[in-house]
1. So what is the relative contact order for the chain, in percent, with contacts set as C-alpha pairs under 8 Å and at least six apart?
2. Apply the Karplus curve 6.51 cos²θ - 1.76 cosθ + 1.60, θ = phi - 60°, to the phi angles in segment 434-443 and return the couplings in whole Hz, x for Gly and Pro.
3. What shape does segment 366-414 take by its C-alpha gyration tensor, where a ≥ b ≥ c are the square roots of the eigenvalues and a/c under 1.5 counts as rounded, a/b above b/c as prolate, and the rest as oblate?
4. How about residue 341: which lysines have a C-alpha closer than 19 Å to its C-alpha, ignoring those fewer than 8 places off in the same chain?
5. First check a/c for the chain, with a ≥ b ≥ c the square roots of the eigenvalues of its C-alpha gyration tensor; if it is under 1.5, answer rounded, and if not, answer prolate when a/b is larger than b/c or oblate otherwise.
6. Using a 1.4 angstrom probe, figure out how much accessible area segment 1-67 has per residue, in square angstrom, rounded to the nearest whole.
7. By how many nm would the segment from residue 80 to residue 472 grow when fully extended, if each residue of separation counts as 0.36 nm and the alpha-carbon distance is taken off?
8. Once you keep just the Cα pairs under 8 angstrom separated by 6 or more residues, what percentage relative contact order results for segment 309-449?
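The values are calculated or read from the model by the stated rules, or taken from the named source; none is laboratory data. From a predicted model like this one, the values you see are computed outputs, not experimental measurements. Cβ sites come from the backbone with ideal geometry, for glycine too, and all protein chains shown count toward neighbours. All accessible areas refer to the heavy atoms of the entire protein, side chains included, with ligands and DNA or RNA removed. Shrake-Rupley method; radii C 1.70, N 1.55, O 1.52, S 1.80 Å.
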Amino acid sequence: MTHPCDMLVFGGTGDLALHKLLPALYHLHRDRLLPADLRIVALARQPLGRDAYRALAERRCRAQVARTSFQAETWQSFAERIDYFAMDASQSAHYGRLARHLDNAGPRGRIHYLATAPSLFEDIAACLANAGLAGSDARIVLEKPIGHSLASALAINQSIGQVFQESQVFRIDHYLGKETVQNLMALRFANALFEPLWRAGHIDHVQISVCETLGVENRGSYYDHAGAMRDMLQNHLLQLLCLVAMEAPVRFDAEAVRNEKVKILEALKPIAGLDVKDRTVRGQYAAGKIGGQEVPAYYFEKNVDNDSDTETFVALQAEIDNWRWAGVPFYLRTGKRLARKCSEIIIQFKPVPHRLFQDGQANRLRIRLQPEESISLQLMAKSPGKGMHLAPVELDLNLAHAFRQKRRWDAYERLLLDVIEGDSTLFMRRDEVEAAWRWVDPIIGGWHAYYQRPRPYPAGSWGPEQAHSLLEQQGHAWHE
Ligand code: BG6
(Lines give C-alpha, C1' and ligand atoms only; values in the text may rest on other atoms or scores of the structure.)
Protein backbone atom coordinates (compact mmCIF):
# COMPACT_ATOMS: atom_id res chain seq x y z
CA MET A 1 0.00 0.00 0.00
CA THR A 2 1.44 3.34 -0.90
CA HIS A 3 -0.51 5.44 1.56
CA PRO A 4 -1.62 4.99 5.19
CA CYS A 5 -3.79 1.99 5.61
CA ASP A 6 -6.56 0.57 7.81
CA MET A 7 -7.05 -3.13 8.33
CA LEU A 8 -10.71 -3.72 9.16
CA VAL A 9 -11.30 -7.04 10.87
CA PHE A 10 -14.94 -8.13 10.54
CA GLY A 11 -15.70 -10.72 13.22
CA GLY A 12 -13.33 -8.87 15.56
CA THR A 13 -14.48 -10.66 18.73
CA GLY A 14 -14.40 -14.11 17.12
CA ASP A 15 -11.87 -16.86 17.71
CA LEU A 16 -10.01 -16.34 14.47
CA ALA A 17 -9.41 -12.64 15.12
CA LEU A 18 -8.43 -13.01 18.76
CA HIS A 19 -6.62 -16.32 18.52
CA LYS A 20 -4.78 -15.96 15.24
CA LEU A 21 -4.93 -12.54 13.57
CA LEU A 22 -4.11 -10.26 16.49
CA PRO A 23 -1.24 -12.42 17.81
CA ALA A 24 0.18 -12.53 14.27
CA LEU A 25 -0.13 -8.75 13.92
CA TYR A 26 1.45 -8.32 17.35
CA HIS A 27 4.49 -10.34 16.27
CA LEU A 28 4.80 -8.38 13.04
CA HIS A 29 4.57 -5.14 15.00
CA ARG A 30 7.21 -6.34 17.46
CA ASP A 31 9.55 -7.28 14.61
CA ARG A 32 8.92 -3.85 13.03
CA LEU A 33 7.44 -5.37 9.90
CA LEU A 34 4.14 -3.50 9.90
CA PRO A 35 3.86 -0.15 8.14
CA ALA A 36 4.13 2.54 10.82
CA ASP A 37 0.73 4.00 9.98
CA LEU A 38 -1.26 0.76 9.79
CA ARG A 39 -4.36 0.99 11.97
CA ILE A 40 -6.32 -2.11 12.97
CA VAL A 41 -10.06 -1.61 13.32
CA ALA A 42 -11.93 -4.55 14.84
CA LEU A 43 -15.64 -4.72 14.03
CA ALA A 44 -18.27 -6.79 15.79
CA ARG A 45 -21.74 -6.52 17.27
CA GLN A 46 -20.75 -6.45 20.95
CA PRO A 47 -21.20 -2.95 22.35
CA LEU A 48 -17.62 -2.53 23.54
CA GLY A 49 -15.57 0.64 23.85
CA ARG A 50 -12.08 0.82 22.35
CA ASP A 51 -10.38 0.31 25.71
CA ALA A 52 -12.52 -2.68 26.60
CA TYR A 53 -11.66 -4.27 23.25
CA ARG A 54 -7.97 -3.58 23.73
CA ALA A 55 -8.17 -5.25 27.15
CA LEU A 56 -9.93 -8.27 25.66
CA ALA A 57 -7.35 -8.47 22.87
CA GLU A 58 -4.51 -8.23 25.39
CA ARG A 59 -5.93 -11.08 27.50
CA ARG A 60 -6.31 -13.32 24.48
CA CYS A 61 -2.91 -12.43 23.01
CA ARG A 62 -1.14 -13.01 26.32
CA ALA A 63 -2.65 -16.49 26.42
CA GLN A 64 -1.62 -17.13 22.84
CA VAL A 65 1.82 -15.58 22.49
CA ALA A 66 4.74 -17.44 24.11
CA ARG A 67 5.63 -15.85 27.44
CA THR A 68 9.10 -15.00 26.16
CA SER A 69 7.74 -13.03 23.18
CA PHE A 70 5.10 -11.02 25.04
CA GLN A 71 6.46 -7.69 26.25
CA ALA A 72 4.16 -5.27 28.06
CA GLU A 73 5.85 -2.22 26.52
CA THR A 74 5.60 -3.57 23.00
CA TRP A 75 1.97 -4.43 23.66
CA GLN A 76 1.28 -0.81 24.65
CA SER A 77 2.62 0.54 21.38
CA PHE A 78 0.80 -2.20 19.46
CA ALA A 79 -2.49 -1.50 21.28
CA GLU A 80 -2.34 2.11 20.09
CA ARG A 81 -2.93 0.82 16.58
CA ILE A 82 -6.13 -0.97 17.63
CA ASP A 83 -9.54 0.60 17.38
CA TYR A 84 -12.98 -0.99 17.81
CA PHE A 85 -16.27 -0.17 16.16
CA ALA A 86 -19.53 -1.84 17.19
CA MET A 87 -21.79 -2.63 14.25
CA ASP A 88 -23.87 -5.36 12.69
CA ALA A 89 -22.10 -6.29 9.47
CA SER A 90 -25.34 -7.54 7.92
CA GLN A 91 -27.01 -4.09 8.26
CA SER A 92 -26.25 -1.74 5.37
CA ALA A 93 -27.34 1.24 7.48
CA HIS A 94 -24.35 0.75 9.78
CA TYR A 95 -21.76 1.25 7.05
CA GLY A 96 -22.37 4.98 6.72
CA ARG A 97 -21.48 5.36 10.39
CA LEU A 98 -18.45 3.17 9.83
CA ALA A 99 -17.26 5.30 6.90
CA ARG A 100 -17.61 8.45 9.03
CA HIS A 101 -15.78 6.77 11.90
CA LEU A 102 -12.88 5.86 9.61
CA ASP A 103 -12.71 9.16 7.83
CA ASN A 104 -9.30 10.69 8.16
CA ALA A 105 -7.71 13.56 6.33
CA GLY A 106 -6.12 12.34 3.09
CA PRO A 107 -6.46 9.01 1.26
CA ARG A 108 -6.21 5.75 3.21
CA GLY A 109 -5.89 2.24 1.84
CA ARG A 110 -8.34 -0.29 3.23
CA ILE A 111 -7.87 -3.99 3.84
CA HIS A 112 -11.17 -5.67 4.72
CA TYR A 113 -10.51 -8.94 6.51
CA LEU A 114 -13.70 -11.01 6.62
CA ALA A 115 -13.15 -13.30 9.60
CA THR A 116 -16.86 -14.14 9.53
CA ALA A 117 -19.14 -16.91 8.32
CA PRO A 118 -19.06 -17.15 4.49
CA SER A 119 -22.82 -16.48 4.47
CA LEU A 120 -21.98 -12.82 5.23
CA PHE A 121 -19.38 -12.31 2.50
CA GLU A 122 -21.78 -11.17 -0.21
CA ASP A 123 -23.67 -8.70 1.98
CA ILE A 124 -20.50 -7.21 3.41
CA ALA A 125 -18.96 -6.67 -0.03
CA ALA A 126 -22.12 -4.95 -1.31
CA CYS A 127 -22.39 -2.74 1.77
CA LEU A 128 -18.72 -1.75 1.53
CA ALA A 129 -19.28 -0.69 -2.07
CA ASN A 130 -22.38 1.37 -1.17
CA ALA A 131 -20.51 3.12 1.60
CA GLY A 132 -17.60 4.02 -0.70
CA LEU A 133 -15.19 1.74 1.16
CA ALA A 134 -14.33 -0.52 -1.76
CA GLY A 135 -12.31 1.75 -4.04
CA SER A 136 -9.55 0.57 -6.35
CA ASP A 137 -6.95 0.63 -3.57
CA ALA A 138 -9.05 -1.52 -1.22
CA ARG A 139 -8.35 -5.24 -0.70
CA ILE A 140 -10.63 -7.91 0.66
CA VAL A 141 -9.47 -11.03 2.49
CA LEU A 142 -11.81 -14.03 2.63
CA GLU A 143 -11.35 -16.93 5.00
CA LYS A 144 -11.97 -20.44 3.83
CA PRO A 145 -14.25 -22.24 3.27
CA ILE A 146 -15.55 -20.08 0.43
CA GLY A 147 -19.14 -21.31 0.46
CA HIS A 148 -20.31 -24.84 1.23
CA SER A 149 -20.74 -26.11 -2.34
CA LEU A 150 -19.89 -25.17 -5.90
CA ALA A 151 -23.14 -23.22 -6.31
CA SER A 152 -22.60 -21.14 -3.17
CA ALA A 153 -18.92 -20.55 -4.00
CA LEU A 154 -19.90 -19.36 -7.50
CA ALA A 155 -22.46 -17.00 -5.98
CA ILE A 156 -19.93 -15.60 -3.48
CA ASN A 157 -17.22 -15.19 -6.11
CA GLN A 158 -19.70 -13.55 -8.45
CA SER A 159 -20.87 -11.01 -5.86
CA ILE A 160 -17.36 -10.27 -4.68
CA GLY A 161 -16.31 -9.90 -8.32
CA GLN A 162 -18.96 -7.22 -8.86
CA VAL A 163 -17.27 -5.06 -6.25
CA PHE A 164 -13.59 -6.03 -6.33
CA GLN A 165 -11.19 -6.91 -9.17
CA GLU A 166 -9.65 -10.39 -8.78
CA SER A 167 -6.29 -8.75 -7.97
CA GLN A 168 -7.93 -7.11 -4.93
CA VAL A 169 -9.26 -10.42 -3.56
CA PHE A 170 -7.15 -12.53 -1.18
CA ARG A 171 -8.68 -15.94 -0.41
CA ILE A 172 -6.78 -17.31 2.53
CA ASP A 173 -5.83 -20.92 3.00
CA HIS A 174 -3.49 -20.67 5.96
CA TYR A 175 -1.73 -23.91 5.01
CA LEU A 176 -0.08 -22.02 2.17
CA GLY A 177 1.49 -19.70 4.74
CA LYS A 178 3.23 -22.55 6.56
CA GLU A 179 6.98 -22.54 6.04
CA THR A 180 7.25 -26.23 5.16
CA VAL A 181 4.51 -25.93 2.58
CA GLN A 182 6.57 -23.27 0.85
CA ASN A 183 9.59 -25.47 1.35
CA LEU A 184 7.86 -28.10 -0.69
CA MET A 185 8.17 -25.76 -3.66
CA ALA A 186 11.81 -25.06 -2.79
CA LEU A 187 12.51 -28.78 -2.50
CA ARG A 188 10.93 -29.55 -5.85
CA PHE A 189 11.94 -26.56 -7.92
CA ALA A 190 15.27 -25.46 -6.48
CA ASN A 191 16.91 -28.91 -6.45
CA ALA A 192 17.64 -30.91 -9.58
CA LEU A 193 17.71 -34.15 -7.61
CA PHE A 194 14.06 -35.06 -7.34
CA GLU A 195 12.55 -33.75 -10.54
CA PRO A 196 13.50 -36.70 -12.80
CA LEU A 197 11.99 -39.11 -10.26
CA TRP A 198 8.87 -37.05 -9.51
CA ARG A 199 6.44 -38.97 -11.71
CA ALA A 200 4.44 -42.15 -12.16
CA GLY A 201 7.44 -44.17 -13.41
CA HIS A 202 9.21 -43.84 -10.04
CA ILE A 203 6.57 -42.97 -7.47
CA ASP A 204 4.36 -45.74 -6.17
CA HIS A 205 1.89 -43.61 -4.25
CA VAL A 206 1.55 -40.41 -2.21
CA GLN A 207 -0.05 -39.95 1.21
CA ILE A 208 -1.19 -36.61 2.58
CA SER A 209 -2.37 -36.74 6.20
CA VAL A 210 -3.51 -33.91 8.43
CA CYS A 211 -4.32 -35.51 11.77
CA GLU A 212 -5.49 -33.54 14.78
CA THR A 213 -6.06 -34.48 18.41
CA LEU A 214 -8.37 -31.49 18.98
CA GLY A 215 -12.11 -31.91 18.74
CA VAL A 216 -14.42 -29.15 17.52
CA GLU A 217 -13.75 -26.92 20.56
CA ASN A 218 -16.17 -23.96 20.57
CA ARG A 219 -16.92 -24.24 16.88
CA GLY A 220 -19.71 -26.82 16.97
CA SER A 221 -22.31 -24.58 15.33
CA TYR A 222 -20.02 -23.92 12.34
CA TYR A 223 -18.46 -27.38 12.15
CA ASP A 224 -21.67 -29.37 12.33
CA HIS A 225 -22.75 -27.76 9.04
CA ALA A 226 -19.34 -28.15 7.46
CA GLY A 227 -17.59 -31.40 8.42
CA ALA A 228 -14.07 -32.51 7.62
CA MET A 229 -14.61 -32.50 3.86
CA ARG A 230 -15.57 -28.83 3.65
CA ASP A 231 -13.45 -27.66 6.57
CA MET A 232 -10.16 -29.32 5.64
CA LEU A 233 -10.10 -31.47 2.53
CA GLN A 234 -11.69 -29.11 0.00
CA ASN A 235 -9.04 -26.52 0.80
CA HIS A 236 -5.97 -27.44 2.89
CA LEU A 237 -5.45 -30.99 1.64
CA LEU A 238 -6.22 -30.20 -1.99
CA GLN A 239 -3.81 -27.28 -1.86
CA LEU A 240 -1.08 -29.60 -0.55
CA LEU A 241 -1.89 -32.07 -3.30
CA CYS A 242 -1.52 -29.30 -5.88
CA LEU A 243 1.91 -28.34 -4.60
CA VAL A 244 3.09 -31.96 -4.66
CA ALA A 245 1.73 -32.64 -8.13
CA MET A 246 1.94 -29.40 -10.13
CA GLU A 247 4.40 -28.72 -12.94
CA ALA A 248 7.15 -26.18 -12.38
CA PRO A 249 5.70 -22.70 -12.95
CA VAL A 250 7.58 -20.50 -15.40
CA ARG A 251 8.00 -17.79 -12.76
CA PHE A 252 7.45 -17.62 -9.03
CA ASP A 253 4.57 -15.20 -9.20
CA ALA A 254 0.88 -15.29 -8.44
CA GLU A 255 -0.44 -16.02 -11.91
CA ALA A 256 2.16 -18.60 -12.95
CA VAL A 257 1.95 -20.58 -9.70
CA ARG A 258 -1.83 -20.54 -9.61
CA ASN A 259 -2.12 -21.50 -13.29
CA GLU A 260 -0.22 -24.69 -12.52
CA LYS A 261 -2.23 -25.50 -9.41
CA VAL A 262 -5.55 -25.13 -11.17
CA LYS A 263 -4.45 -27.58 -13.87
CA ILE A 264 -4.03 -30.25 -11.19
CA LEU A 265 -7.46 -29.57 -9.71
CA GLU A 266 -8.97 -29.84 -13.15
CA ALA A 267 -7.15 -33.12 -13.80
CA LEU A 268 -8.50 -34.83 -10.67
CA LYS A 269 -10.42 -37.91 -11.73
CA PRO A 270 -14.02 -37.47 -10.63
CA ILE A 271 -15.25 -39.62 -7.76
CA ALA A 272 -18.97 -40.07 -8.25
CA GLY A 273 -21.68 -42.73 -8.13
CA LEU A 274 -20.52 -46.09 -6.77
CA ASP A 275 -16.90 -44.92 -6.69
CA VAL A 276 -17.84 -42.83 -3.69
CA LYS A 277 -18.39 -46.06 -1.73
CA ASP A 278 -15.17 -47.66 -2.93
CA ARG A 279 -12.79 -44.73 -2.82
CA THR A 280 -13.88 -42.65 0.16
CA VAL A 281 -14.41 -43.24 3.87
CA ARG A 282 -16.09 -40.87 6.27
CA GLY A 283 -15.95 -41.21 10.02
CA GLN A 284 -17.16 -39.55 13.19
CA TYR A 285 -15.43 -39.80 16.55
CA ALA A 286 -17.02 -41.69 19.37
CA ALA A 287 -15.95 -41.34 23.00
CA GLY A 288 -12.37 -42.34 23.74
CA LYS A 289 -9.12 -41.33 25.38
CA ILE A 290 -6.50 -38.86 24.20
CA GLY A 291 -3.31 -38.40 26.22
CA GLY A 292 -4.91 -40.32 29.09
CA GLN A 293 -7.97 -38.00 29.16
CA GLU A 294 -11.49 -39.23 28.48
CA VAL A 295 -13.13 -37.24 25.70
CA PRO A 296 -16.82 -37.32 24.73
CA ALA A 297 -18.28 -38.43 21.42
CA TYR A 298 -18.70 -35.80 18.70
CA TYR A 299 -22.48 -35.67 19.05
CA PHE A 300 -22.10 -34.66 22.70
CA GLU A 301 -20.01 -31.59 21.81
CA LYS A 302 -21.47 -28.14 22.41
CA ASN A 303 -23.77 -26.88 19.61
CA VAL A 304 -23.69 -30.19 17.76
CA ASP A 305 -26.92 -32.00 16.87
CA ASN A 306 -27.12 -35.19 18.90
CA ASP A 307 -28.18 -37.15 15.82
CA SER A 308 -25.53 -35.46 13.69
CA ASP A 309 -24.20 -37.30 10.66
CA THR A 310 -21.41 -34.78 10.04
CA GLU A 311 -18.05 -36.40 9.39
CA THR A 312 -15.06 -35.53 11.56
CA PHE A 313 -12.80 -37.77 9.49
CA VAL A 314 -12.39 -38.37 5.81
CA ALA A 315 -10.02 -40.55 3.84
CA LEU A 316 -10.05 -41.02 0.11
CA GLN A 317 -8.07 -42.13 -2.86
CA ALA A 318 -7.58 -39.45 -5.49
CA GLU A 319 -6.07 -39.86 -8.93
CA ILE A 320 -4.71 -37.26 -11.29
CA ASP A 321 -5.44 -37.93 -14.91
CA ASN A 322 -2.42 -36.42 -16.56
CA TRP A 323 0.77 -37.56 -18.21
CA ARG A 324 2.92 -37.27 -15.08
CA TRP A 325 0.63 -38.95 -12.58
CA ALA A 326 -1.65 -41.40 -14.38
CA GLY A 327 -2.18 -44.48 -12.19
CA VAL A 328 -0.53 -43.11 -9.03
CA PRO A 329 -2.87 -43.16 -6.01
CA PHE A 330 -2.88 -40.03 -3.86
CA TYR A 331 -4.32 -40.99 -0.48
CA LEU A 332 -5.69 -38.07 1.50
CA ARG A 333 -6.77 -38.31 5.13
CA THR A 334 -7.80 -35.81 7.76
CA GLY A 335 -9.59 -36.12 11.05
CA LYS A 336 -10.20 -34.74 14.49
CA ARG A 337 -9.59 -36.55 17.80
CA LEU A 338 -7.02 -38.85 16.25
CA ALA A 339 -4.15 -40.52 18.07
CA ARG A 340 -1.58 -37.78 17.45
CA LYS A 341 -1.32 -34.31 15.92
CA CYS A 342 0.70 -34.79 12.83
CA SER A 343 0.58 -33.39 9.31
CA GLU A 344 2.78 -34.94 6.71
CA ILE A 345 3.24 -35.82 3.11
CA ILE A 346 4.75 -39.17 2.21
CA ILE A 347 6.20 -39.77 -1.21
CA GLN A 348 6.61 -43.52 -1.52
CA PHE A 349 9.03 -44.43 -4.30
CA LYS A 350 8.89 -47.70 -6.22
CA PRO A 351 11.26 -50.53 -5.28
CA VAL A 352 14.52 -51.01 -7.18
CA PRO A 353 13.92 -52.75 -10.53
CA HIS A 354 16.01 -55.79 -9.64
CA ARG A 355 16.32 -56.94 -6.05
CA LEU A 356 19.87 -57.89 -5.07
CA PHE A 357 19.33 -58.03 -1.33
CA GLN A 358 16.81 -59.89 0.77
CA ASP A 359 15.74 -57.13 3.07
CA GLY A 360 15.53 -54.12 0.78
CA GLN A 361 12.77 -51.53 1.12
CA ALA A 362 11.72 -48.82 -1.27
CA ASN A 363 12.81 -45.22 -0.60
CA ARG A 364 10.43 -42.86 1.07
CA LEU A 365 10.49 -39.09 1.33
CA ARG A 366 8.63 -37.64 4.30
CA ILE A 367 7.78 -33.96 4.44
CA ARG A 368 6.46 -33.12 7.86
CA LEU A 369 4.57 -29.88 8.44
CA GLN A 370 3.59 -30.44 12.06
CA PRO A 371 4.38 -30.77 14.94
CA GLU A 372 7.96 -30.12 13.81
CA GLU A 373 9.00 -29.05 10.33
CA SER A 374 11.28 -31.57 8.77
CA ILE A 375 12.13 -33.35 5.58
CA SER A 376 13.58 -36.84 5.69
CA LEU A 377 14.55 -39.32 3.08
CA GLN A 378 14.63 -42.98 3.94
CA LEU A 379 17.50 -44.81 2.26
CA MET A 380 18.73 -48.36 2.60
CA ALA A 381 22.14 -48.95 4.14
CA LYS A 382 24.16 -51.97 5.17
CA SER A 383 23.93 -52.75 8.86
CA PRO A 384 27.38 -52.84 10.47
CA GLY A 385 28.93 -56.24 11.03
CA LYS A 386 28.87 -59.63 9.42
CA GLY A 387 26.78 -60.40 6.36
CA MET A 388 24.99 -58.17 3.94
CA HIS A 389 22.00 -57.15 5.99
CA LEU A 390 20.25 -53.95 5.09
CA ALA A 391 18.33 -51.53 7.25
CA PRO A 392 16.50 -48.28 6.51
CA VAL A 393 18.28 -45.11 7.67
CA GLU A 394 16.97 -41.56 7.56
CA LEU A 395 18.65 -38.59 5.95
CA ASP A 396 17.02 -36.10 8.26
CA LEU A 397 16.73 -32.37 7.80
CA ASN A 398 15.22 -30.52 10.70
CA LEU A 399 14.51 -27.08 9.27
CA ALA A 400 14.34 -25.27 12.61
CA HIS A 401 17.84 -26.54 13.50
CA ALA A 402 19.23 -26.00 10.02
CA PHE A 403 18.28 -22.32 10.10
CA ARG A 404 18.80 -21.86 13.86
CA GLN A 405 15.30 -20.49 14.07
CA LYS A 406 14.57 -18.71 17.31
CA ARG A 407 10.86 -18.62 16.72
CA ARG A 408 8.64 -20.28 14.21
CA TRP A 409 6.63 -17.88 12.07
CA ASP A 410 2.93 -18.46 12.21
CA ALA A 411 1.30 -18.92 8.82
CA TYR A 412 -0.89 -15.86 9.40
CA GLU A 413 2.12 -13.59 9.87
CA ARG A 414 3.41 -14.41 6.43
CA LEU A 415 -0.01 -14.15 4.82
CA LEU A 416 -0.99 -10.86 6.49
CA LEU A 417 2.27 -9.31 5.31
CA ASP A 418 1.59 -10.56 1.79
CA VAL A 419 -1.86 -8.94 1.85
CA ILE A 420 -0.35 -5.64 2.99
CA GLU A 421 2.27 -5.90 0.23
CA GLY A 422 -0.32 -7.01 -2.34
CA ASP A 423 1.32 -10.34 -3.21
CA SER A 424 -1.31 -12.99 -3.92
CA THR A 425 0.98 -15.92 -4.82
CA LEU A 426 0.02 -17.81 -1.65
CA PHE A 427 -3.72 -17.14 -1.95
CA MET A 428 -6.35 -19.11 -3.81
CA ARG A 429 -7.62 -17.72 -7.07
CA ARG A 430 -11.29 -17.84 -7.90
CA ASP A 431 -10.96 -20.67 -10.43
CA GLU A 432 -8.98 -22.82 -7.97
CA VAL A 433 -11.72 -22.62 -5.37
CA GLU A 434 -14.37 -23.44 -7.92
CA ALA A 435 -12.40 -26.36 -9.39
CA ALA A 436 -11.92 -27.79 -5.90
CA TRP A 437 -15.67 -27.62 -5.19
CA ARG A 438 -16.43 -29.13 -8.59
CA TRP A 439 -14.48 -32.22 -7.54
CA VAL A 440 -15.72 -32.34 -3.95
CA ASP A 441 -19.46 -31.76 -4.54
CA PRO A 442 -20.19 -35.18 -6.16
CA ILE A 443 -18.46 -36.94 -3.26
CA ILE A 444 -20.64 -35.18 -0.71
CA GLY A 445 -23.62 -35.82 -2.99
CA GLY A 446 -22.73 -39.53 -3.15
CA TRP A 447 -22.59 -39.82 0.63
CA HIS A 448 -26.11 -38.47 0.85
CA ALA A 449 -27.42 -40.48 -2.10
CA TYR A 450 -26.27 -43.75 -0.53
CA TYR A 451 -27.21 -42.67 3.01
CA GLN A 452 -23.60 -43.29 3.89
CA ARG A 453 -23.48 -42.33 7.54
CA PRO A 454 -20.04 -41.72 8.97
CA ARG A 455 -18.35 -44.75 10.51
CA PRO A 456 -17.71 -44.33 14.21
CA TYR A 457 -14.11 -44.43 15.42
CA PRO A 458 -12.89 -44.16 19.01
CA ALA A 459 -11.28 -40.83 19.86
CA GLY A 460 -7.54 -41.45 20.17
CA SER A 461 -7.42 -43.97 17.31
CA TRP A 462 -6.32 -43.49 13.68
CA GLY A 463 -9.86 -43.34 12.34
CA PRO A 464 -12.35 -45.98 11.21
CA GLU A 465 -11.14 -49.43 10.20
CA GLN A 466 -12.37 -48.83 6.64
CA ALA A 467 -9.72 -46.12 6.19
CA HIS A 468 -7.11 -48.86 6.55
CA SER A 469 -8.87 -51.24 4.19
CA LEU A 470 -8.95 -48.46 1.58
CA LEU A 471 -5.17 -48.76 1.31
CA GLU A 472 -4.82 -52.45 2.11
CA GLN A 473 -6.85 -53.42 -0.93
CA GLN A 474 -4.11 -51.77 -3.04
CA GLY A 475 -1.29 -53.35 -1.03
CA HIS A 476 -0.51 -50.11 0.81
CA ALA A 477 -0.72 -48.94 4.44
CA TRP A 478 -0.93 -45.54 6.11
CA HIS A 479 2.36 -44.33 7.45
CA GLU A 480 1.82 -43.85 11.19
C1 BG6 B 1 -8.70 -24.72 10.12
C2 BG6 B 1 -9.88 -25.61 10.38
O3 BG6 B 1 -8.75 -24.20 8.83
O4 BG6 B 1 -7.50 -25.48 10.28
C5 BG6 B 1 -9.79 -26.22 11.77
O6 BG6 B 1 -11.07 -24.84 10.29
C7 BG6 B 1 -8.47 -26.93 11.95
O8 BG6 B 1 -10.87 -27.13 11.99
C9 BG6 B 1 -7.32 -26.02 11.58
O10 BG6 B 1 -8.36 -27.32 13.32
C11 BG6 B 1 -6.00 -26.77 11.58
O12 BG6 B 1 -4.96 -25.87 11.37
P13 BG6 B 1 -3.49 -26.17 11.88
O14 BG6 B 1 -2.69 -25.02 11.38
O15 BG6 B 1 -3.55 -26.25 13.38
O16 BG6 B 1 -3.10 -27.48 11.28
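1. 18 percent
2. For segment 434-443, the Karplus curve yields 5, 5, 5, 5, 4, 7, 7, 3, x, 6 Hz.
3. prolate
4. Candidates past the 8-residue exclusion: 20, 178, 289.
5. Taking the square roots of the gyration eigenvalues as a ≥ b ≥ c, the chain is prolate.
6. That works out to 47 Å² per residue.
7. 135.4 nm
8. 12 percent
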